[in-house]
1. What whole number of Å gives the distance from the Cα centroid of segment 241-312 to the Cα centroid of segment 69-141?
2. Give, rounded to the nearest 20 debye, the magnitude of the charge dipole that segment 1-134 has about its Cα centre when Lys and Arg contribute +1 at Cβ and Asp and Glu contribute -1 at Cβ.
3. In degrees between 0 and 90, to the nearest 10, how far off the longest principal axis of the chain does helix 181-198 point, with axes built from Cα atoms?
4. Charges only on Cβ, +1 for Lys and Arg, -1 for Asp and Glu: so what's the dipole of the chain about the Cα centre, in debye to the nearest 20?
5. Could you derive backbone 3J(HN,Hα) for segment 481-488 from the dihedral phi with the Karplus parameters 6.51, -1.76 and 1.60 (θ = phi - 60°), listing whole Hz in sequence and x where the residue is Gly or Pro?
6. Which one of Ala229, Gly203, Gly165 has its Cα pushed farthest toward the positive end of the charge dipole of the chain, where Lys and Arg give +1 and Asp and Glu give -1 at the Cβ?
7. So, with a 1.4 angstrom probe, what is the percent of accessible area on the chain that is carbon and sulfur?
8. Which order do the peptides 90-101, 196-207 come out in when sorted by mean C-beta neighbours inside 10 angstrom, highest first?
Amino acid sequence: MRRRLMADWIVGHEAGKHCLIENGEVVYEDARIIFVGHDFPGDVDATQCFGRALIAPGFVDLDALSDLDTTILGFDNQPAWRKGRIWPQSYMERGPYEMYSAEELAFQKRYAFAQLLRNGITTALPIASLFYREWGETVQEFADAADIAGELGLRVYLGPAYRSGNLVVDEEGRIGAHFDEARGLAGLAAAIAFCRTHEGRHGGLVRTMLAPDRIETSTANLLRRSAAAARDLDVPVRLHCCQSRLEYDMVVARHGMSPPEWLDSLGFLSPRVLLPHGTWVAGSRGIDRPGRDLGIIADAGGVIVHCPLVSARGGRALDSLVGYRRLGLRIGMGTDTWPPDMVLNMQLGLMLCRVMEGDAACVRAADLFDAATIGGADALGRHDLGRLMQGAAADIVVFDFGHDRIGQTIDPIQTLLIGGAGRDVRHVVVGGRSVVIDGRIPGMDMQAEGRRAQAQFDGLMSRYPERTWGHPPVGEIFSSSYPVRSRHN
């Protein structure tokens, strides 16, 4: 079926770059775009005119929130090791367990995937916490996730996260690590089997990846084998790296090298490697150790996954986006936390870059928009994603620029980064299928889904004392902003 979408503004793509088309149209047939511009010469089966709106390529989220996000619990509650973010030795000795049932894990993915679509994210590489897991993620939950993605129409790269170690805090408050190499390698073997079984499912909507969880919980053997498997399978491999002072210092103490130096020594780095978050590197604030961490990643063609919102909440930022680009680094974007709002992440990314550089002219709105579209697509080797042009996948987002929503409009991309939000997404198409219509997912009651999500989240919070150092009650782990006066006070 041939469909035409029309709006006041369209982000087209010519000669390898985005361009803006006033009062234009996008025509797609089945899963592919066949025309972008003015006055399509052929016949169409249906036309939809959005008027004062922006039609844009769908966002590519390389670290996409697929969780009922527990990182928000650390917003005003620090330090993390005293708030359930590192397992106490007593919990390890008692035996970690799955705090969600299989049904709850499936609901978590369904709820999160729906939120990604509602925020204009059409390609997602899911990320979820392992703090409430027995160890790693399972093949079955990701088989379920593949079916959920197919049902909702979200383009995904899936792979269960695995690890060979876990951070532990002892009774004296000292942080160390517990390693189980055999368990990590079993997780890698299961992830490889998942890739072989699920690659290309749901008409190619489901692709696969490898996801060793964090550099500080990985052994050299696990990372070497992961890199080799990624080459053999020709899939992306994502590893959280250079995201905390604790991680950086642990890797240096353990291996005598910085995280990028160690990865380079293992032969892990390559153009298929995705590295969230890259904020703690040689020469950055708080790291006195000399070195060329970013140069090592750039030389290997690795991709930094920039997640401005979650980094800024933790008091950190890239130093800086344009500085990384000057070094030749490839950069894509990720959400990684609630809300999974790529527009908000672009806004913060732009502002933080200007703050870090001390120069308002150093970066433009288009630089962040490119990272959230072309940057992410190219990181995956997918030149048919992240752009609206003939032959590209029909992954399309419509932003409502109504006078009651967006304010005064100048250039549409600048306007989006000034006053827009993920909530301004009105319509989403993935692979030629309309998956968000008038801001809603067909067949989903998001109010009911939200109530269920809150109940599930509350249940998880109630278990936090079990895996928090000293096992304090919930009220001591998570403080209130102000004193609470309930009806029973």
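The values are calculated or read from the model by the stated rules, or taken from the named source; none is laboratory data. Keep in mind the model is a prediction, meaning the values are calculated, not measured. In this analysis, Cβ positions are derived from the backbone assuming ideal geometry, glycine residues included, and neighbour counts consider all displayed protein chains. SASA here: full protein model, heavy atoms, side chains in, ligands and nucleic acids out. Shrake-Rupley method; radii C 1.70, N 1.55, O 1.52, S 1.80 Å.
1. Segment 69-141 and segment 241-312 have Cα centres spaced 23 Å from each other.
2. 380
3. The answer is roughly 20 degrees.
4. 400
5. Per-residue couplings from phi come out as 4, 9, x, 9, 10, 8, 4, 9 Hz.
6. After comparing all options, I get Gly165.
7. Carbon and sulfur together cover 49 percent of it.
8. Values: 90-101: 14.1, 196-207: 15.8.
Highest to lowest by the protection proxy: 196-207, 90-101.
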